[in-house]
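Worksheet for the structure shown next.
The values are calculated or read from the model by the stated rules, or taken from the named source; none is laboratory data. The model shown is predicted, which means the values in this text are computed figures rather than measured ones. For neighbour counting, all protein chains shown are included, and Cβ atoms are generated from backbone atoms with ideal geometry for every residue, glycine included.
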Amino acid sequence: MLPVARGTGNLIFVAAAAHGFGRAGAGLLNGGVEGMTAGFASLSAHVLRGTLAVALAAGIAGMATGQARADKPPTPNEYVDHIGGAGKIVDPGALKLDGNRMVCGHRPTVLDDNLDDYAAAYPGFLILNPKLLQRVSTPVKMWIYAHECGHQFRGPDEETADCFAVQRGRRQGWLNETGLQEICNFIAPAKGDAMHLSGSHRCESMRRCFADPAIR
């Protein structure tokens, strides 16, 4: 998913093996947060603040209702409850970024100022950190949202989510060559790891997708 330097005390909260959850990416640059999925093999592991991860693990995976409930990722309401009610749930179609209406099917968005990243996703909903998003330009904000939406529709692969996002931006008219360069500048510091290509390689891939008329 998307990049920000994380502090100490983080851990990876992974959903029950019965649904085949696993890591699909740790961050847009070289860290960050990512969601999980029950609909496809995995959307990602979600790197959460230690206290939140423990709360989720205790409150969801360890619920007294039994293993069946532990197999499921949290709902938006459960997520907000576990961050102390500090998050805000935005209904599908109601979110605006710099005046632009953002839609990811029928999925709501949770706004969490304390998220350790720009954005993240669980199956069925997206999470944005408004404070961090204030740091970036409008095309980058919209690409971040579209990237997370791409995981919902295309699965765990980061390069595929990148491609989904830039092609959506091209089709919807909010992304041009100038905006694409801003995105490339944003991810330029990213170092390659087991889950991601380097920022420069991802930029090259996105440029190819942006120019490709075939929808991926």
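Could you tell me how many of the residues in segment 106-140 are touching a strand residue (DSSP E or B) at 6+ places or on another chain (Cβ under 6 Å) and hydroxyl-bearing (Ser, Thr, Tyr)?
Selection size over segment 106-140: 2.
Name every residue in segment 189-214 that is charged (D, E, K, R) and either within 23 Å of Arg101 (Cα to Cα) or in a loop (DSSP other than H, G, I, E, B) (or both), in order of residue number.
Passing the criteria: Lys191, Asp193, Asp212.
Can you pull out the residues in segment 161-188 that are crowded, with 21+ Cβ neighbours inside 10 Å, assigned to a helix (DSSP H, G or I) and among the hydrophobic types (A, V, I, L, M, F, W, C)?
Passing the criteria: Ala161, Cys163, Phe164, Ala165, Val166, Leu180, Ile183, Phe186, Ile187.
Show the residue pairs that are 6+ apart or on different chains and have beta-carbon atoms under 8 Å apart, the first residue being within segment 129-153 and under 17 Å from Glu177 (Cα atoms) and in contact (Cβ under 8 Å) with a residue 24 or more places away in the chain, the second being surrounded by 19 or more Cβ atoms within 10 Å (Cβ to Cβ) and of a type in the set (Ser, Thr, Tyr).
Val136/Tyr118; Ile144/Tyr118
Considering only residues that are outside any loop (DSSP other than H, G, I, E, B), at pLDDT 85 or above and either in contact with a helix residue (DSSP H, G or I) (Cβ under 9 Å, 6 or more places away or on another chain) or of a type in the set (Ser, Thr, Tyr) (or both), which ones fall in segment 65-97?
If the condition is that a residue be outside any loop (DSSP other than H, G, I, E, B), at pLDDT 85 or above and either in contact with a helix residue (DSSP H, G or I) (Cβ under 9 Å, 6 or more places away or on another chain) or of a type in the set (Ser, Thr, Tyr) (or both), then Glu78, Tyr79, Asp81, His82, Lys88, Ile89, Leu97 are the ones that fit.
Out of everything in segment 102-133 that is polar (S, T, N, Q) and in a loop (DSSP other than H, G, I, E, B), what residue ends up being farthest from Gly84 (Cα to Cα)?
Asn129
Where residues in segment 134-160 are of a type in the set (Ser, Thr, Tyr) and in a helix (DSSP H, G or I), which of them is farthest from the chain's Cα centre (by Cα)?
So, considering only residues that are of a type in the set (Ser, Thr, Tyr) and in a helix (DSSP H, G or I), the one farthest from the chain's Cα centre (by Cα) is Thr138.
Could you please find all residues in segment 120-148 being modelled with pLDDT of 95 or more, within 15 Å of Pro76 (Cβ to Cβ) and among the hydrophobic types (A, V, I, L, M, F, W, C)?
Once the filter is applied, which keeps residues that are modelled with pLDDT of 95 or more, within 15 Å of Pro76 (Cβ to Cβ) and among the hydrophobic types (A, V, I, L, M, F, W, C), segment 120-148 yields Phe125, Leu126, Ile127, Leu128.
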